[in-house]
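Report on the following structure.
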Amino acid sequence: MHIVILGCGRVGALLADRLDAGGHSVAIIDQAARSFRRLGPHFAGTTVTGVGFDRDVLESAGIARAHAFAAVSSGDNTNIIAARTARETYGIEHVVARIYDPRRAEVYQRLGIPTVATVSWTAGQIMRRLTPQGGEPEFTDSTGTVSVVEIAYHEDWIGESVTVIEAEIGARIAFISRTGRAWTIDSDLVVQDGDLIHVIVPLARRGEIEDLLAAPPRRERRI
């Protein structure tokens with residue numbers, strides 16, 4: 001795939017290096033040419049100096065043939081304008097924008113632009129580590145007997161498939177949040193570090209399910 005990245009800060013440079021190492025064609029844009037020094041010595045992609053929402057700059061980066069676009073510069077306005085241009089002008093399906101103000105992030109999500117709200121995502125990660133159990137329900141049915149709850153999990157669950165986890169805790173996982181995006185469940189989905197797990201929890205079993213996920217997997221039951 002050809003992927004265009006706006007912003008060669010720490011996040012953008014890391015994305016570019018990893019995607020390039022993974023065999024993808026990568027072009028990265030930044031206003032400051034010195035920012036490209038953050039790229040690894042083996043980066044083989046294209047660097048483009050300029051304003052990330054300028055069409056000439058985007059086209060120099062190959063936006064017309066891109067499969068995906070990530071706007072991760074330090075400016076919310078720049079990121080969202082560039083992301084909307086990629087989506088609406090060039091028809092890029094896979095677009096994400098990094099947004100520092102979570103209030104803006106909610107607005108842009110409604111406009112169909114997936115966003116990663118740095119502050120709220122980081123706060124959520126910290127909260128998950130400070131309060132490993134007892135998360136607030138995200139949804140409760142009208143009878144008050146079933147909720148969707150984000151539940152913290154032991155690090156040993158990382159690398160397990162959702163199918164195995166569901167079998168062990170005896171409950172369905174509604175979806176997984178990964179860097180601002182919700183992943184629907186299929187048999188091949190595997191938990192990665194930093195994922196948030198949202199479980200469909202019967203009220204009577206909430207404590208039991210939280211305890212199961214807070215502990216390491218029971219190895220004798222793993223496939």
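Whether a residue is in a loop (DSSP other than H, G, I, E, B) and either more than 22 Å from the chain's Cα centre (by Cα) or farther than 13 Å from V4 by Cα (or both) was assessed, and G52 does not pass this test.
Of all the residues in the range 33-45, those that are buried (at least 17 other Cβ atoms within 10 Å of the Cβ) and either of a type in the set (V, I, T) or outside any helix (DSSP H, G or I) (or both) number 3. When the range 12-30 is limited to residues that are in contact with a helix residue (DSSP H, G or I) (Cβ under 9 Å, 6 or more places away or on another chain) and touching a residue at least 40 places away in the same chain (Cβ under 8 Å), the one that is nearest to S60 (Cα to Cα) turns out to be D30. I need the full set of residues from the range 69-95 which are surrounded by fewer than 18 Cβ atoms within 10 Å (Cβ to Cβ) and within 22 Å of A21 (Cα to Cα), in order please. Selection gives H94 alone. Only a single criterion out of (1) out of contact with any Leu (no Cβ under 8 Å at 6 or more places or on another chain); (2) closer than 18 Å to D30 by Cα; (3) among the charged types (D, E, K, R) is not satisfied by R84, namely (1). Exactly one residue among A27, A82 is assigned to a helix (DSSP H, G or I) and in contact with a Ser or Thr (Cβ under 9 Å, 6 or more places away or on another chain), and that residue is A82.
Computed from the coordinates by the stated procedures, all read-outs in this text should not be read as laboratory data. Everything numeric in this text was worked out from a predicted model, so none of it was measured. Quick reminder, even Gly has a Cβ in these numbers, built from the backbone with ideal geometry, and neighbours come from all protein chains shown.
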